[in-house]
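Some notes on the structure that comes next.
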Amino acid sequence: MLRHALIALSHSETMRRMTSDFPPARRMARRFVAGEKREDALTVIQQLNAMGALVTLDYLGEHVTDKSLARTSAREYEAVLGEIAARGLKSGVSLKLSAMGLHIDEAFCYQNVRKVVAVAAQKERFVRIDIEESALVDITIEIYRRLREEFDNVGMALQAYLHRTRDDLQSLIDDGVADIRLVKGAYDEPPEIAWQDRKKIQQEMIALAKMMLSPDARAKGARMALGSHDDMIYNEVIACANEQGVDPQHWEIQFLYGIRRDELKRLLSDGIRMRVYVPYGGSWYPYFMRRLAERPANLLFFLRAAAGK
Ligand SMILES: Cc1cc2nc3c(=O)[nH]c(=O)nc-3n(C[C@H](O)[C@H](O)[C@H](O)COP(=O)(O)OP(=O)(O)OC[C@H]3O[C@@H](n4cnc5c(N)ncnc54)[C@H](O)[C@@H]3O)c2cc1C
């Protein structure tokens, strides 16, 4: 119930304006966001790299309806990739098609993403396409497949809560283009298309991870990133990878910046390849609301801070 309400509020323009100007919200958002400036993000990458963690950097923004904003976003990715390479940082980038102009024009969006992927290829860096609400899944897969015809430094994410995902994943594996970050799914989707039960979503996530780690999928070039802080899931997937003798460099676990830092350190010390998703930029409101929705305790913490307690 609370989750649905918070996700609904993440789309509210009035709430966005109120929250973005509200100091306790800005302070709490800093827990999940590296900062508003490129330099803030580069500093955080440096710190995480020093701990042994890899990074994927997200320039915040989504559902852009203005061509100039989509171009600004693509240019920011190009610039930050240049800085990442110049400083020898171990980081790729993650982007959302809705930030690249998907809602304006698909061809325009494709050109923006293609340019970012081409610049990343020159700099030997990887681009991950985030997965957004279910209405965008078909077009995201289509754009990803088209990019894969030309580039191999690009992957996408898929959501375990969607009923369709097993089929989507199998077809990407069979076509030899499965470079996938598996996540549970952060949007509000109806029961007709998405599992709602936490246990069922955990089971799906594990089943999808096992599909990706199978010898057949690996022989077809499948590479998995497991985007989850759920120890029930990653412990089982680590055990499966060990049983199958999967090279530890062949797959990775990804955490969001600011979440389960102790576990991040522990997994790194266990020799697991870990990558942290680090968002930065001024458009942090919807991202922040999804993080509140994932954990009611965050909301309580936020309300206490807002009340000055
Ligand atoms: C690297 C990465 C990339 C992602 N990309 C996408 C994407 O492209 N599309 C998409 O729909 N979703 C994405 N997600 C979000 C994902 O779908 C889930 O909503 C989110 O990861 C929470 O699920 P969980 O598997 O971590 O498990 P949970 O059961 O939610 O969390 C397990 C434990 O982690 C901790 N935790 C989890 N979330 C929080 C939080 N917000 N604040 C504090 N502690 C927390 C808690 O200790 C919790 O008990 C991404 C997640 C990660 C980690």
Write down Rg/Rh for the chain, rounded to two decimals, with Rg from the C-alpha atoms and Rh from the Kirkwood relation over Cα pairs. 0.94
Along the dipole axis of region 40-279 (charges at Cβ: +1 for Lys and Arg, -1 for Asp and Glu; origin at the Cα centre), the most positive-end residue among Gly271, Leu60, Tyr110 is Gly271
Return one quarter of the surface area of the convex hull spanned by the alpha-carbon atoms of region 140-269, equal to its mean projected area, in nm². 8.3
Which whole-angstrom value gives the distance between the alpha carbon centres of region 246-270 and region 132-181? 23
Given R₀ = 30 Å, what would the calculated FRET efficiency be for Arg295 paired with Ala79, taking r from the Cβ atoms and rounding to 0.05? 0.35
For Thr65, Thr72, ascending order of other Cβ atoms within 10 Å (fewest first) is Thr65, Thr72
What are the residues whose amide H is under 5 Å from the amide H of Gln254, where those residues sit 5 or more places off or on another chain and H is modelled from the backbone? Leu226, Gly227, Ser228, Arg275
Mind checking the full-extension length gain between Asp230 and Asp270? Use 0.36 nm per residue of separation minus the Cα-Cα distance, one decimal, nm. 12.7 nm
Can you give me the long-range amide H partners of Asp179? Hydrogens built in the peptide plane at 1.01 Å from N, cutoff under 5 Å, separation of 5 or more residues or another chain. Met156, Arg223
HN-Hα couplings for region 234-248 via Karplus (6.51, -1.76, 1.60; θ = phi - 60°), in whole Hz with x for Gly/Pro, come out as 5, 5, 5, 5, 4, 4, 5, 4, 5, 4, 7, x, 6, 4, x
Applying a 10 Å radius around every beta-carbon, put 93-104, 238-249, 138-149, 270-281 in order of their mean neighbour count, most first. 93-104, 270-281, 138-149, 238-249
Any idea how far apart Asp174 and Gln244 come out in nm if each label point goes 7 Å out from Cα toward Cβ? 1.9
Whole-Hz Karplus couplings 3J(HN,Hα) for region 2-11, θ = phi - 60° and coefficients 6.51, -1.76, 1.60, Gly and Pro as x, run 4, 4, 4, 5, 5, 5, 4, 5, 5, 9
Theoretical ellipticity at 222 nm over the chain - DSSP helices of four or more residues, -39500 (n - 2.57) apiece, nearest 500: -16000 deg cm²/dmol
With charges set only on the Cβ (+1 for Lys and Arg, -1 for Asp and Glu), what does the dipole of region 40-279 come to about its Cα centre, in debye to the nearest 20? 680
Report ³J(HN,Hα) in whole Hz for each residue of region 194-211, in order, from the Karplus equation J = 6.51 cos²θ - 1.76 cosθ + 1.60 where θ = phi - 60°; Gly and Pro get x. 9, 5, 10, 7, 4, 5, 4, 5, 4, 4, 4, 4, 5, 4, 5, 4, 5, 4
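The numbers here are math on the coordinates, done by the rules we state, and not lab data. It should be emphasised that the depicted structure is a prediction, and the values quoted were computed from it without experimental measurement. Quick reminder, even Gly has a Cβ in these numbers, built from the backbone with ideal geometry, and neighbours come from all protein chains shown.
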